Amino acid sequence: MKEKVTWGQKLAIVPVRFYQLAISPMLGAHCRHTPTCSQYTIEAIKEWGPWRGIWLGTKRLSKCHPWGTSGYDPVPKKQNHP
């Protein structure tokens with residue numbers, strides 16, 4: 001089943017996709033995490049909405065430094081409450 005993406009989520013994803021397509025190829029592959037920080041941000045926006053998704057993406061970016069974390073770091077999932 002395809003997930004529904006709201007216009008607010010699409011609007012928040014546009015600058016991240018621009019970065020992925022226009023800027024990231026010039027910088028080369030230097031990501032410490034899987035998924036990449038930009039892909040993580042897109043997934044977080046889709047899972048949590050634009051505000052919380054951007055916040056989670058920003059927190060992830062803050063871990064990208066020589067003394068930060070690395071490896072597999074998935075987007076936290078919402079708990080489904082009946």
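The values are calculated or read from the model by the stated rules, or taken from the named source; none is laboratory data. Being a predicted model, the structure only gives us computed values, none of them experimental. Virtual Cβ from ideal backbone geometry, glycine too; neighbours counted across all protein chains shown. Calculation scope for accessible area: heavy atoms of the full protein, side chains included, ligands and nucleic acids excluded. Shrake-Rupley method; radii C 1.70, N 1.55, O 1.52, S 1.80 Å.
Model label sites at Thr58 and Leu11, defined 7 Å from Cα along the beta-carbon direction, differ in position by 1.7 nm.
Under 5 Å from the amide H of His33 lie the amide H atoms of Gly71, each residue being 5 or more positions distant or on a separate chain, with H modelled from the backbone and absent for Pro and chain starts. Nonpolar atom fraction for the chain, defined as the carbon and sulfur part of the 1.4 Å probe accessible area, stands at 63 percent.
In the full protein context, the chain carries 77 Å² of accessible surface per residue, based on a 1.4 Å probe and ignoring ligands, DNA and RNA. Note on the chain: dipole from Cβ charges, positive end direction compared against Pro66, Thr6, Cys37; the farthest Cα belongs to Thr6.
When Rg and Dmax are taken over the Cα atoms of the chain, they come to 13.3, 46 Å. Taking all Cα pairs closer than 8 Å and separated by 6 or more residues, the relative contact order of the chain comes to 32 percent.
Placing a pseudo-label 7 Å from each Cα along the Cα-to-Cβ vector at Lys4 and Trp67 gives an inter-label distance of 4.6 nm.
Residues in the range 50-60 carry Karplus couplings, in order, of x, 5, 5, x, 5, 4, 5, x, 5, 4, 5 Hz; the curve used is 6.51 cos²θ - 1.76 cosθ + 1.60 with θ = phi - 60°, and Gly or Pro positions show x. For the chain, the longest principal axis of the C-alpha atoms and the axis of helix 7-18 are separated by about 10°.
In this structure, Gln39 and Lys78 have a Cβ-Cβ separation that, at R0 = 22 Å, corresponds to a calculated FRET efficiency of about 0.75.
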